[in-house]
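The structure under discussion appears below in the form of structure tokens.
The values are calculated or read from the model by the stated rules, or taken from the named source; none is laboratory data. Please read these numbers as outputs of a predicted model, since none were measured by experiment. Reconstructed Cβ throughout: ideal geometry from the backbone, glycine too, with neighbour counts over all protein chains shown.
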Amino acid sequence: MSAPGAAAAQVRVIRFFTLAGIALLWETLGQTRFVFGEALPPASAVAAAAAREVVSLPFYRHLAVTLGEVAGGFLFGALSGVACGLALGARRVLGAAADPYIAALATTPKIVFLPVVMLAVGTGPGSKVALGAVSAFFPVVIATVAGMRSIPPVFVRVGRAFNLRAGQMVRMVYLPALALPIVTGLRLGLGVCIIGVLLGELKLASAGLGFLARDYYDQYDFAALYAIVAIVFALAALANAAMSRLVRRAEAHR
Amino acid sequence: MPGRAQPALSAAPALRGLAALFLLAAALEAVVRFGLVPKLVLAAPSETALAIGRLAAEEGLFRALGATLLTALAAVGAAVAAGLPAGYWLYKHPRFGAAYRNWLAAPFAAPLVLVYPVVLVLFGRTYASTGFMGFLVGLVAIVLYTREGLAAVPPTLVRVGRAFNLTPRQEFWKILLPAGTPMIFTGIRLGTIYALVNIIGVEFLINFGGLGFVVSETYDKFDTPGMYGAIVFVILVSGGMLWLLKRVQLWLRPA
């Protein structure tokens, strides 16, 4: 009882002093303008800028734009990813044929597709939704295919023996067995979707948190820029934590 | 499963995949030729292929590839040089390992690339910025997998080392590193891919450097075939790197 408790306490102490040390070092470097000069505002200035942001109305307008783009991109990417994953996983030859292309495309930095989607749907929010969808698609399709391949063939044979139609097979055999891999893929997909949307906004946009960060960068307001980056990080961590909860629930469900 | 059908199956999908790719290219070619999609939006595959040659001859595509690969090499080299000792240190000090592991795993999944505006402020539009972004994501993967790989070394091996009275240095070089290599290399492989992806992405975002810069440049010039050519080239490079690293990994773990 006492040994693990003491270990956890030690871990907490280490974390506290690490964070305190980083904050102190950052504050000192920022206040003295040592090493980085104006480029590194002190931690206190960034915290103050973050506080200013969360009580300002324009911030929430930009946040709403970003959230909408992420939601749209994630929805399109997740749905198409699951659908393609089911098709590729069900037909072994199809899957084997598509594998190398999906692997190569999944590795490619999605941001280079931004020019393509901007040519196709313009430079507005649609291009960020599309980039988010393309980003989310790959982790989801890969996880779904892997999940399909790990379904014991017995399940499928039992389903066939009961003469289930395709829709029934999906609902009664595939989806229950796929819950965990799909949710795991969705967690990764949401993460890269957020990245895709934010990077798209940073490159070219007229609204959204990425645009806001870019705007502060252009105005040399580095404290506000760092604050936006920190807020985006916190939101992404929150989304990741929520998805991790979902994964744990799916795990418990098995 | 039936071993008999296996060899025939393993070649057929690749051929079908290629055939599907050619069909898709032919369809795109037709769509563009018949003017169903504006030429500014979609380049015909034949023009895209020609554009790769033009980019190579006139726009320094291979010089850009070299710049990107060298940046990635420097980033991964630095990430290995810093990540191996850091992973070893976290393994040797389990309390610190427990304290920092979740922190490292969080940016691993979270959007580390989004700190690039900060890096841009600190280092400007230079190779230091693109390289640092690659270093950062590579480092996280390498530290995590090094710690995991060393922690997974069978205790028996470590005890044998103790029985021979090995010094910590000998223990690391003769026991921990060889036994941990497969997983440590997984970290290096992932770190290399993340670094490459991030470097190309940041190059595109800040209009500077290698392949990412070429994509950005061709878009800004409305050179649609060139842009598609550059994107296809980036996909080929990513796929090639993936293949190469898998090969090395198989070679490290012959089984």
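Values as computed for the structure displayed
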item	result
From A:PHE162, A:PHE74, residue being farther than 30 Å from A:ALA227 by Cβ, more than 13 Å from every other protein chain (Cβ to nearest Cβ) and of a type in the set (Phe, Trp, Tyr)	A:PHE162
Any hit, the stretch B:98-121, residues being within 20 Å of B:VAL215 (Cα to Cα), among the aromatic types (Phe, Trp, Tyr) and touching a residue at least 24 places away in the same chain (Cβ under 8 Å)	yes
Residue that is farthest from A:PRO58 (Cα to Cα), among those in the stretch A:205-220 that are in contact with a helix residue (DSSP H, G or I) (Cβ under 7 Å, 6 or more places away or on another chain) and more than 9 Å from chain B (Cβ to nearest Cβ)	A:ALA205
Some residue of the stretch A:86-97 being closer than 30 Å to B:ASP220 by Cα and surrounded by 18 or more Cβ atoms within 10 Å (Cβ to Cβ)	no
Subset of the stretch B:15-46 [in contact with a helix residue (DSSP H, G or I) (Cβ under 6 Å, 6 or more places away or on another chain), farther than 27 Å from B:LEU242 by Cβ and among the charged types (D, E, K, R)]	B:GLU29
Of all residues in the stretch B:188-217 being within 11 Å of the chain's Cα centre (by Cα) and not hydrophobic (A, V, I, L, M, F, W, C), the one that is surrounded by the fewest Cβ atoms within 10 Å (Cβ to Cβ)	B:ARG189
Some residue of the stretch A:59-73 being charged (D, E, K, R), in the same structural domain as A:GLY185 (by TED's automatic domain parsing) and surrounded by 16 or more Cβ atoms within 10 Å (Cβ to Cβ)	yes
Evaluation of B:LYS174 against (1) in contact (Cβ under 8 Å) with a residue 24 or more places away in the chain; (2) more than 14 Å from chain A (Cβ to nearest Cβ); (3) of a type in the set (D, E, K, R) (one fails), failing number	(1)
Residue in the stretch B:114-130 that is in contact with an Asp or Glu (Cβ under 6 Å, 6 or more places away or on another chain), farther than 19 Å from B:GLY187 by Cβ and of a type in the set (Ser, Thr, Tyr) present	yes
Number of positions in the stretch A:45-71 that are without any contact (Cβ under 8 Å) to a residue 24 or more places away in the chain, assigned to a helix (DSSP H, G or I), among the small types (Gly, Ala, Ser) and farther than 15 Å from A:VAL229 by Cα	2
Yes/no for B:LEU9 being at pLDDT 85 or above, among the aliphatic types (A, V, I, L, M) and over 27 Å from the mean Cα position of the chain (by Cα)	no
Of all residues making up the stretch B:206-254, the number that are among the hydrophobic types (A, V, I, L, M, F, W, C), out of contact with any helix residue (DSSP H, G or I) (no Cβ under 9 Å at 6 or more places or on another chain) and more than 10 Å from chain A (Cβ to nearest Cβ)	3
Test: residue in the stretch A:12-24 that is in contact (Cβ under 8 Å) with a residue 12 or more places away in the chain, within 14 Å of another protein chain (Cβ to nearest Cβ) and on the phi < 0 side of the Ramachandran plot	no
Residue, surrounded by the fewest Cβ atoms within 10 Å (Cβ to Cβ), within the stretch A:103-123, restricted to residues that are more than 10 Å from every other protein chain (Cβ to nearest Cβ) and at pLDDT below 90	A:GLY122
Evaluation of A:CYS84 against (1) at pLDDT 90 or above; (2) not in a helix (DSSP H, G or I) (one fails), failing number	(2)
Qualifying position, being within 14 Å of chain A (Cβ to nearest Cβ), surrounded by fewer than 22 Cβ atoms within 10 Å (Cβ to Cβ) and either of a type in the set (Ser, Thr, Tyr) or touching a His at 6+ places or on another chain (Cβ under 6 Å) (or both), among B:THR68, B:THR48, B:THR126, B:THR130	B:THR126
Test: residue in the stretch B:72-90 that is outside any loop (DSSP other than H, G, I, E, B), closer than 25 Å to B:PHE233 by Cα, within 13 Å of chain A (Cβ to nearest Cβ) and within 20 Å of the chain's Cα centre (by Cα)	yes
Every residue from the stretch A:221-233 that is more than 12 Å from the chain's Cα centre (by Cα) and either surrounded by 17 or more Cβ atoms within 10 Å (Cβ to Cβ) or facing another protein chain (nearest Cβ under 10 Å) (or both)	A:PHE222, A:ALA223, A:ALA224, A:LEU225, A:TYR226, A:ALA227, A:ILE228, A:VAL229, A:ALA230, A:ILE231
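Residue-by-condition table, conditions (1) buried (at least 23 other Cβ atoms within 10 Å of the Cβ); (2) under 15 Å from the mean Cα position of the chain (by Cα); (3) not hydrophobic (A, V, I, L, M, F, W, C):
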site	(1), (2), (3)
A:ALA146	no, no, no
A:ARG157	no, no, yes
A:LEU164	no, no, no
A:LEU188	no, yes, no
A:SER206	no, no, yes
